[in-house]
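Below is one structure, written out as structure tokens; the observations come after it.
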Amino acid sequence: MRNDHISSSFNEDMAQLNHCLAELGRLAQTQFAASVDGIATQDVPALQVLIDKDRALDELEAQIHTKAFEVIAMRAPAATDLRRVLVALKLATSLERIGDFAKNIAARTIRISEMGNERIPGVNIGRMAELVNSLVLDALVLIDTPDSQKAVKIWSRDVEVDHLYGTFNQEVLASMSRNADMVPTGSHLLFIAKNIERVGDYATSIAEQIYFLVEGVMLDDERPKADREVTINKI
């Protein structure tokens with residue numbers, strides 16, 4: 001009877017954690033998609049609202065961490081159950097970071113808008129942003145329905161993002177070298193591209209955690225990485 005009660009309570013706790021994770025994932029993806037749309041629209045009031053909404057993600061992550069530590073302390077989960085809790089913690093961190101990068105993209109887009117459209121290099125960031133957003137959406141499906149084989153597919157697609165990131169950087173730098181007036185906005189675009197690339201990294205990190213959740217071992221971190229001509233420090 002006691003073991004049944006503990007098992008039932010643990011499942012209820014995990015249901016709460018999963019509900020919070022689903023909400024955090026929804027908010028993170030919505031924020032990222034909106035930040036990418038904002039690059040094209042440069043709707044400053046909407047971008048500022050997006051920045052302000054980041055607090056909601058921080059609060060949800062804190063709730064998940066508090067609940068997860070409470071479960072560990074009160075239920076003393078072991079083996080597979082403990083893995084479920086630890087993965088929830090990692091997923092919450094990855095999702096919150098996606099929200100942070102969305103906020104950074106919005107902030108830099110506002111700076112670009114203030115400088116004037118005539119000084120924006122004529123390059124297209126949309127392909128990379130679209131690919132990364134699709135990776136985030138696929139990763140959210142995995143959180144709801146864990147599948148190790150689908151996790152591997154997401155994990156292996158990071159190289160596509162790397163290639164697009166490298167090409168975009170080269171195009172922006174070429175524009176900046178041809179016209180010095182492009183340097184200020186070009187610099188912001190380089191950081192925006194890095195933020196988008198980092199969101200892709202966190203989508204693949206989610207895939208890695210789902211693989212670990214299902215298989216009990218981590219993926220071998222030897223997937224191919226595209227050569228990167230330019231390194232921009234993470235914000």
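Couple of notes before you dig in:
- Panel values: the chain, Kirkwood radius from alpha carbon pairs, Stokes-Einstein at 10 °C and 1.306 mPa s, translational diffusion coefficient 84 µm²/s.
- Over 25 Å apart at the Cα level, from the set K67/K150; K153/K194; K103/K153; K67/K153; K53/K194, are K67/K150; K103/K153; K67/K153.
- Highest mean packing first, where packing is the average number of other Cβ atoms within 10 Å per residue, the peptides 72-78, 208-214 line up as 208-214, 72-78.
- The chain: angle of helix 2-41 to the longest principal axis, Cα-based, in degrees nearest 10: 10
- Total formal charge among the other residues, if their Cβ is under 13 angstrom from that of E215, Lys/Arg +1 and Asp/Glu -1: -1
- Per-residue ellipticity at 222 nm, computed for the chain from helices alone with -39500 (n - 2.57) per DSSP H run of at least four residues, works out to -29000 deg cm²/dmol.
- Rounded percent of accessible protein surface that carbon and sulfur make up, the stretch 5-83, 1.4 Å probe: 57
- For the stretch 61-121: accessible area per residue (Å², 1.4 Å): 46
- Percentage relative contact order, the chain, counting C-alpha pairs under 8 Å, at least six apart: 25
- Distance distribution P(r), the stretch 9-72, all Cα-Cα pairs, bin width 10 angstrom from 0: 20, 41, 23, 13, 3 percent.
- Apportionment of accessible area to carbon and sulfur, the stretch 156-215, percent (1.4 Å): 53
- Three semi-axes describe the equivalent ellipsoid of the stretch 94-201; taken as square roots of 5 times the Cα gyration tensor eigenvalues and ordered largest first, they are 30, 15, 8 Å.
The values are calculated or read from the model by the stated rules, or taken from the named source; none is laboratory data. Note that this is a predicted model, so its numbers are computed, not measured. In this analysis, Cβ positions are derived from the backbone assuming ideal geometry, glycine residues included, and neighbour counts consider all displayed protein chains. What goes into the accessible areas is simple: the full protein's heavy atoms, side chains included, and nothing from ligands, DNA or RNA. Shrake-Rupley method; radii C 1.70, N 1.55, O 1.52, S 1.80 Å.
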